[in-house]
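> One structure, as structure tokens, below. Some questions next.
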Amino acid sequence: MAYHRFDAVIVGAGGAGLMAAIQLAGKANIAVVSKLYPPRSHTGAAQGGISAALGNTEEDHWQWHMFDTVKGGDYLVDQDAAAVLSREAIDAVLELEHMGLPFNRTPEGRIDQRRFGGHTRNYGEGPVRRACFAADRTGHMIIQTLYQQGIKHNVNFFDEHHMLDILFTEDGQCCGVVTLEIKTGEIHTIHAKAVLIASGGFGRVFKITSNAMAGTGDGVALPYRRGVPLMDMEFYQFHPTGIYKLGILLSEAARGEGGILRNGNGEAFAERYAPTLKDLAPRDMVSRFIYQEVKEGRGVEGKDYVHLDLTHLSPEVIDAKLPDITDFARTYLGVEPKTELVPIQPTAHYAMGGLPTDVEGRVIRDPQSTVIPGFYSAGEAACVSVHGANRLGTNSLVDLVVFGRRAGRHMLQFISEATLPPLPRDPEFTARGELANLLERTNGENVADIRREMQAVMMDKVSVVRESQGLREARESISQLRQAYRHVAIDDHGTQFNTDLLEAHELGCMLDCAEAIVEGALAREESRGAHYRDDFQKRDDANWLAHTLIYKSSGGLRMEKKPVTITEFEPKERKY
Amino acid sequence: MEVTLRIKRYNPDSDVKPHFEEYAVNVEPTDRVLDALNEIKWHHDGTLTYRRSCAHGVCGSDAMRINGRNRLACKILMRELGKKITLEPLIGFKVIKDLVVDMDQFFASYKSVKPYLIAEDAPSAGERLQSPEDRERYDDTTKCILCAACTTACPITWTSEEFVGPAAIVNAHRFIFDSRDQGTADRLRILNTRSGVWRCRTIFNCTDACPRGIEVTRAIEQVKRALLYEQI
Ligand SMILES: Cc1cc2nc3c(=O)[nH]c(=O)nc-3n(C[C@H](O)[C@H](O)[C@H](O)COP(=O)(O)OP(=O)(O)OC[C@H]3O[C@@H](n4cnc5c(N)ncnc54)[C@H](O)[C@@H]3O)c2cc1C
Ligand code: FES
């Protein structure tokens, strides 16, 4: 057993965690815990860009960005938060440049910008160039730049430490985390005045996903088990263009640069559904367009995929602006995008829901937004909510830097005033018990089988289009899988670098996320953003212009509604 | 198709030295090596240990020796490899378990070249300007994902612990040739030593190994030239 004491501990070293860490480094005694080496975090996989109304290549205003964010999120966005996001995006992107981020440049030497889905000029008139980018490896540059800054500021990294539990005092203050040092198998208690969860998303709940294998929702599930609610879990985004069968993402930047989706007949179908923005309509819509085409028999060769056509783009544009994603098509499909069509299908991509927070990154516990002292969250694990029912492309990276920074700054203030809360008795009790269970059982269910079954069910019944019957079946299946999970047995009973054990632990977290997603999807009897119910095809503002909070307790699951903050833009029908 | 994977195994809890184990698995020609590893781990032997995350060649987790060459297991497909495939951990670093090596030394070397922008003058309002041409000069070396494939492909690093290795030089290059950076003198001093660029014998293994297609040897040469002729 190892015990550490810090002012603050940050779990997750992706864009959100690192941005927060940089605010605190040198000013407070902090630790950054990550199950991966920081530069391996999934932020590094982000491709297309990070939006900010810099107006470098054409007129733009943060209020337009805010409007697009609200409308893109199908009016479930908290508008006070969207204002913060859009306004502070400008300064945050400039800060990244000052830290050294190598953005693509305009001929004048300014940060270059390009078009992205749902981002418009003058409140919806037409596409605008708002996404700042570094080729199609913007996330790679962000994670590298922030890690470099972490090194520069001597951040105390706990690399390859896996969080197993989060700790609260009896009166509900957050007071630390329990981790497993992967290399040695040793358990650590990290005792702190404040904890920030920045552990990313949980796309691995679904079969076809763009998410890394580490995207298992640990940081979302562990506080949930300890009574913290999750918000808007039913809203999970499917990105229209994943590589067929593999789910590897081909960024929306491909369409931002002029790429077109074509069905099996070669028809550019998006304009039939969204006459103004066409292929650049928001993701939830384009994914449904594809679903509809396939359903009506216009998939390629009658199968469940369509084509992304880049063949009309100049080869120079492809090489300069889309080098990585075209390389993915060559490597994994053997397709040359300069001359051939690329098979794509919607892929599970982004969790709009997660730990509910206010605009300072403080996690809240109820519809009245009561803050849980010492507990913060930012990034994909959190739900501020700036993405509402559907996130716009490029807005996650903005979210990471804007709210990662705000959370970091607020924590600094908090820890300067707070005293260290006591640890609960036997803080490692739950974590140790769980590991012991997994390590001692020699005969039982197989982790991979349960995981595969969960992923198949979620893909089949809880993805782009949902309806009551399927959701009920999914609820039943997940419940059975949870039963089976209680009897899993693993092969590796060793202590050092036991990834068999970690995969089992992660599966438990994913099952919690899956259960919450299904429950939210069943409850929400309307269609809004990424949540589309075939049996309730219309948005229902009278009953459902509200966030959901889901709670887990020994008595089962409980749901509450939380009002949406509307400041400027009254809900309207979403047309593009 | 059925293939045989020969995997070098080492379990620190029970083994004194590494040994090979063979696994016959059914794979698609378009499967990644990582898919085959997963198949073994999930359905044959859960103790098999390797790092992985993104599964498409961008996070740098799963560099290993595949049929004798450093590759990312997620970026090389079965059809490129034949029916018998040998997998070993990277050479030069201590093996922790199976295909997992200790990266401490790698990251220490990386950190030693000050891999961060050094620019103390506060920029005025807005961004620091940089022309597309100036941006292009260090574009190649910004692509590094710190997977260690290059460094552990270099015979010099196998024998000399002090050598910072290609990856660290690549990351120094990324800043030395960035027009916004002011730390060049410092970094060149660090690299102008016996453990720095002069250890490089231009063997080109690093360039062959880089999964990101970075011209590593060329970057090292550019740093050498910067030292010799004092021109950036
Ligand atoms: C392929 C792809 C492309 C994308 N492109 C874009 C884009 O162009 N623009 C955009 O805005 N968004 C994009 N996104 C979305 C965006 O990249 C992610 O939402 C965002 O990077 C998440 O960042 P994060 O900091 O919240 O978490 P991550 O970067 O996912 O980091 C999570 C961190 O938590 C750690 N962690 C997790 N669990 C544990 C645990 N149990 N113990 C310890 N540590 C743990 C991990 O090690 C990691 O360091 C893309 C996403 C994908 C998948
Ligand atoms: S798993 Fe990320 S590079 Fe291979």
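> Could you tell me whether B:ALA108 is assigned by TED's automatic domain parsing to the domain that holds B:PRO211, open to solvent by 10 Å² or more (accessible area, probe 1.4 Å) and not β-branched (Val, Ile, Thr)?
Considered against the rule, which asks whether it is assigned by TED's automatic domain parsing to the domain that holds B:PRO211, open to solvent by 10 Å² or more (accessible area, probe 1.4 Å) and not β-branched (Val, Ile, Thr), B:ALA108 comes out as yes.
> Oh, and also: Where residues in the stretch A:222-249 are aromatic (Phe, Trp, Tyr) and over 18 Å from A:PRO356 (Cβ atoms), which of them is nearest to ligand 2 (Cβ to nearest atom)?
Going through the stretch A:222-249, the residues aromatic (Phe, Trp, Tyr) turn out to be A:224, A:235-236, A:238, A:244.
Among the residues that remain, those that are also over 18 Å from A:PRO356 (Cβ atoms) are: A:238, A:244.
Details: A:PHE238: 22, A:TYR244: 20 Å.
So, considering only residues that are aromatic (Phe, Trp, Tyr) and over 18 Å from A:PRO356 (Cβ atoms), the one nearest to ligand 2 (Cβ to nearest atom) is A:TYR244.
> Please verify whether the stretch A:108-131 includes one or more residues that are crowded, with 23+ Cβ neighbours inside 10 Å, at pLDDT 95 or above, in a helix (DSSP H, G or I) and out of contact with any His (no Cβ under 8 Å at 6 or more places or on another chain).
no
> What's the number of the only condition in (1) touching a residue at least 40 places away in the same chain (Cβ under 8 Å); (2) more than 16 Å from ligand 1 (Cβ to nearest atom); (3) of a type in the set (S, T, N, Q) that B:SER61 fails to meet?
Just one mismatch for B:SER61, condition (2).
> Among residues belonging to the stretch A:102-134 that are over 25 Å from the mean Cα position of the chain (by Cα) and either basic (Lys, Arg) or under 23 Å from A:GLU573 (Cβ atoms) (or both), point out the one that is farthest from the other protein chains (Cβ to nearest Cβ).
Result: A:GLY124.
> Given the residues B:ARG189, B:ARG194, B:ARG135, B:ARG180, which is the only one that is exposed (fewer than 14 other Cβ atoms within 10 Å of the Cβ), outside the structural domain of B:SER61 (by TED's automatic domain parsing) and either modelled with pLDDT of 95 or more or under 21 Å from the mean Cα position of the chain (by Cα) (or both)?
Checking each option against the conditions leaves just B:ARG189.
> Shifting gears a bit: Residues being within 14 Å of ligand 2 (Cβ to nearest atom) and open to solvent by 30 Å² or more (accessible area, probe 1.4 Å): count how many of those fall in the stretch B:73-95. Break it down into steps so the answer makes sense when it comes.
In the first step, residues of the stretch B:73-95 are kept if they are within 14 Å of ligand 2 (Cβ to nearest atom); the result is B:73-77, B:87, B:90.
Within this subset, residues satisfying the condition of being open to solvent by 30 Å² or more (accessible area, probe 1.4 Å) are B:75.
Number of matching residues: 1.
> Here is a further query. Within the set of pairs 6+ apart or on separate chains, which have a first residue in the stretch A:462-486 that is of a type in the set (Asp, Glu), a second that is outside any helix (DSSP H, G or I), and C-beta atoms under 7 Å apart?
Between residues of the stretch A:462-486 that are of a type in the set (Asp, Glu) and residues that are outside any helix (DSSP H, G or I), the close pairs are A:GLU467/A:ARG533; A:GLU467/A:ASP534; A:GLU467/A:ASP535.
> Determine which member of the set A:GLY219, A:GLY172 is in contact with a strand residue (DSSP E or B) (Cβ under 9 Å, 6 or more places away or on another chain), within 8 Å of ligand 1 (Cβ to nearest atom) and among the small types (Gly, Ala, Ser).
A:GLY219
> Which residues, counting only those in the stretch A:275-286, are assigned to a loop (DSSP other than H, G, I, E, B) and within 26 Å of the chain's Cα centre (by Cα)?
Within the stretch A:275-286, A:LEU277, A:ALA281, A:PRO282 qualify.
> Across the stretch B:115-129, which residue is farthest from A:GLN148 (Cα to Cα) among those that are at the interface with chain A (Cβ under 8 Å from one of its Cβ atoms), surrounded by fewer than 20 Cβ atoms within 10 Å (Cβ to Cβ) and in contact (Cβ under 8 Å) with a residue 24 or more places away in the chain? Can you show your working first?
Of all residues in the stretch B:115-129, those at the interface with chain A (Cβ under 8 Å from one of its Cβ atoms) come to B:115-117, B:119, B:123, B:126-129.
Filter once more, so that each one left must be surrounded by fewer than 20 Cβ atoms within 10 Å (Cβ to Cβ): B:119, B:123, B:126, B:128-129.
Filter again for in contact (Cβ under 8 Å) with a residue 24 or more places away in the chain, leaving B:119, B:128.
Values: B:ALA119: 13, B:ARG128: 18 Å.
Within the stretch B:115-129, the match that is farthest from A:GLN148 (Cα to Cα) is B:ARG128.
Rundown of residues vs (1) touching a residue at least 40 places away in the same chain (Cβ under 8 Å); (2) surrounded by fewer than 24 Cβ atoms within 10 Å (Cβ to Cβ), yes/no style:
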site: A:GLY215; (1), (2): yes, no
site: A:LEU246; (1), (2): yes, yes
site: A:LEU250; (1), (2): yes, no
site: A:GLY256; (1), (2): yes, no
site: A:ALA270; (1), (2): no, no
site: A:THR276; (1), (2): yes, yes
site: A:VAL286; (1), (2): yes, no
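> So how many residues does the stretch B:39-57 have that are near ligand 2 (Cβ under 9 Å from one of its atoms) and open to solvent by 20 Å² or more (accessible area, probe 1.4 Å)?
Total meeting the criteria: 2.
> Of (1) at pLDDT 95 or above; (2) part of a loop (DSSP other than H, G, I, E, B); (3) away from ligand 1 (no atom under 16 Å from the Cβ), B:LEU146 satisfies all except one. Which?
B:LEU146 satisfies all of (1) at pLDDT 95 or above; (2) part of a loop (DSSP other than H, G, I, E, B); (3) away from ligand 1 (no atom under 16 Å from the Cβ) except (3).
> A further question on this structure: Take the residues of the stretch B:34-87 that are more than 10 Å from every other protein chain (Cβ to nearest Cβ) and of a type in the set (Val, Ile, Thr): which is farthest from the chain's Cα centre (by Cα)?
This residue is B:ILE40.
> Do you know which of the residues in the stretch A:13-64 that are of a type in the set (D, E, K, R) and within 14 Å of another protein chain (Cβ to nearest Cβ) is farthest from A:ALA212 (Cα to Cα)?
A:LYS35
> Here's a follow-up. Consider A:TYR224 carefully, then state whether it is away from chain B (no Cβ under 14 Å), among the hydroxyl-bearing types (Ser, Thr, Tyr) and open to solvent by 10 Å² or more (accessible area, probe 1.4 Å).
Against the criterion (away from chain B (no Cβ under 14 Å), among the hydroxyl-bearing types (Ser, Thr, Tyr) and open to solvent by 10 Å² or more (accessible area, probe 1.4 Å)), A:TYR224 does not qualify.
> Which of the residues belonging to the stretch B:154-169 are within 10 Å of the chain's Cα centre (by Cα) and either open to solvent by 10 Å² or more (accessible area, probe 1.4 Å) or within 14 Å of another protein chain (Cβ to nearest Cβ) (or both)?
Hits for the stretch B:154-169 are B:ALA167, B:ALA168.
> What are the residues in the stretch A:207-221 that are hydrophobic (A, V, I, L, M, F, W, C), more than 13 Å from ligand 2 (Cβ to nearest atom) and within 14 Å of chain B (Cβ to nearest Cβ), if any?
Listed by number, the list holds a single entry, A:ILE208.
> Same structure again: Filter the strands (runs of 3 or more DSSP E) completely within the stretch A:320-405 down to those with at least 1 residues that are within 16 Å of ligand 2 (Cβ to nearest atom), without any contact (Cβ under 8 Å) to a residue 24 or more places away in the chain and away from every other protein chain (no Cβ under 14 Å).
none
> Is it the case that B:ILE96 is at the interface with chain A (Cβ under 7 Å from one of its Cβ atoms) and at pLDDT 95 or above?
Spelling it out, B:ILE96 is indeed at the interface with chain A (Cβ under 7 Å from one of its Cβ atoms) and at pLDDT 95 or above.
> I would also like to ask the following. Condition first: in a loop (DSSP other than H, G, I, E, B) and more than 8 Å from ligand 2 (Cβ to nearest atom). Now tell me which residues in the stretch B:58-72 satisfy that.
Scanning the stretch B:58-72 gives B:ASN67, B:GLY68.
> Is it true that A:SER41 is farther than 24 Å from A:VAL195 by Cα, near ligand 1 (Cβ under 9 Å from one of its atoms) and under 17 Å from the mean Cα position of the chain (by Cα)?
no
> On the given criteria, is A:ASP74 open to solvent by less than 20 Å² (accessible area, probe 1.4 Å), part of a loop (DSSP other than H, G, I, E, B) and away from every other protein chain (no Cβ under 11 Å)?
yes
> Against the conditions (1) more than 12 Å from ligand 1 (Cβ to nearest atom); (2) touching a residue at least 60 places away in the same chain (Cβ under 8 Å); (3) in contact with a helix residue (DSSP H, G or I) (Cβ under 6 Å, 6 or more places away or on another chain), where does A:ILE151 fall short? Just the number, please.
Looking at each condition in turn, A:ILE151 falls short on (2).
> If you scan the stretch B:41-73, which residues turn out to be closer than 16 Å to B:CYS150 by Cβ and not hydrophobic (A, V, I, L, M, F, W, C)?
Matches in the stretch B:41-73: B:GLY57, B:GLY60, B:SER61, B:ASP62, B:ARG65, B:GLY68, B:ARG69, B:ASN70, B:ARG71.
> Sticking with this structure for a sec: Can you tell me how many residues in the stretch B:12-33 are facing chain A (nearest Cβ under 10 Å), open to solvent by less than 50 Å² (accessible area, probe 1.4 Å) and within 25 Å of A:LEU439 (Cα to Cα)?
So the answer is 1.
The values are calculated or read from the model by the stated rules, or taken from the named source; none is laboratory data. Nothing here was measured: the structure is a model prediction, and the numbers come from that model. Counting neighbours? That spans all protein chains shown, and the Cβs are built from the backbone with ideal geometry, glycine included. Each accessible area value is taken on the protein alone, full model and side chains, heavy atoms only, with ligands, DNA and RNA left out. Shrake-Rupley method; radii C 1.70, N 1.55, O 1.52, S 1.80 Å.
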